[in-house]
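Throughout, read-outs are computed from the coordinates displayed, never taken from laboratory work. Remember, predicted model here, so these are calculated numbers, not experimental data. Don't worry about glycine lacking a Cβ; one is built from the backbone with ideal geometry, like all the others, and counts go over all protein chains shown.
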Amino acid sequence: MHTLPALPFAHDALEPFIDKATMEIHHDKHHQAYITNLNNLLQPYTELQEMSVEDLLTNMEMVPQEIKQGVMNNAGGHANHTLFWEIMTPGGSKQPSDELMGILDNTFGSLDEFQAKFTEAATKRFGSGWAWLAKKADGTLEVYSTANQDSPIAEGKTPLLGLDVWEHAYYLKYQNRRPEYIEAWWNLVNWDEVEKRLS
Ligand code: MN3
């Protein structure tokens, strides 16, 4: 059975950028719901219950057709949110290290250009979804967005940084002002964790 990972910080630790009530509902209710739904879907399939969400997402051909879309949505939701809590830290973690900065410079031109590109992907994602910095199978980095709970893992990519742009992630504090939420969120990025995922 999949279980909800504890938040690595208190619900109010990301204030003022992300408010306590949003974190309580987002982590305790929304993330829990993906896990509950996933466990229910897998209930008749003992062999699939042993697999991690990453294994499920990269081996979708093993998942029976009648639960495939549900597993995609809910295993994706579980994996995406687990990453989301880890790539944030109260107050953010300074700046990327020289090594990561060098990679971002080489790939995107500069840290500013990377952030502008990521912000654009997050802003322009129509409806619910995620913006990503991901490492492709060939080792190069990519900024893009996915719909719903679609995970880069299912495409053979390694997500390094992800931003949830579902309304449930920001509506209580920011209502329809998604760009304000995105701008505030940059203050919380845990670059140490991004680097850990890169290596
Ligand atoms: Mn969410």
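When only the Cβ of Lys, Arg, Asp and Glu is charged (+1, +1, -1, -1), the dipole of the stretch 20-86 relative to its Cα centre reaches about 300 debye.
Near the amide H of L160, within less than 5 Å, lie the amide hydrogens of L133, A134, K135, all on another chain or at least 5 residues away, with H placed in the peptide plane. The charge dipole of the chain, taken about the Cα centre with unit charges on the Cβ atoms of Lys, Arg (+1) and Asp, Glu (-1), comes to about 400 debye, rounded to the nearest 20. Largest first, the extents of the alpha carbon coordinates of the stretch 98-198 on the three principal axes equal 37, 28, 21 Å. Considering only T146, T3, W85, and ranking their Cα positions along the charge dipole of the chain that arises from unit charges at the beta-carbon of Lys, Arg, Asp and Glu, the one farthest toward the positive end is T146. Taking Cβ atoms as reference points and 10 Å as the exclusive limit, the residues near D19 contribute a net charge of -1, counting Lys and Arg as +1 and Asp and Glu as -1. Less than 13 Å Cβ to Cβ from A75, Lys/Arg counted +1 and Asp/Glu -1: what total charge do the surrounding residues give? Cβ neighbours under 13 Å give a net charge of -2.
Compute the Kirkwood hydrodynamic radius of the stretch 20-86, taking the inverse of the mean of 1/r over all pairs of distinct Cα atoms, and give it in Å to one decimal. Across the stretch 20-86, the inverse of the average 1/r is 12.3 Å.
Computed on the chain, the Cα convex hull volume stands at 113 Å³ per residue. Measuring r between the beta carbons of T3 and N59 and using R0 = 22 Å, the FRET efficiency lands at 0.55.
Once the Cβ-Cβ distance of E99 and Q43 is raised to the sixth power relative to R0 = 41 Å, the FRET efficiency obtained is 0.40.
Charge dipole (Cα centre; +1 on Lys/Arg Cβ, -1 on Asp/Glu Cβ; no other charges) of the stretch 98-198 amounts to roughly 400 debye.
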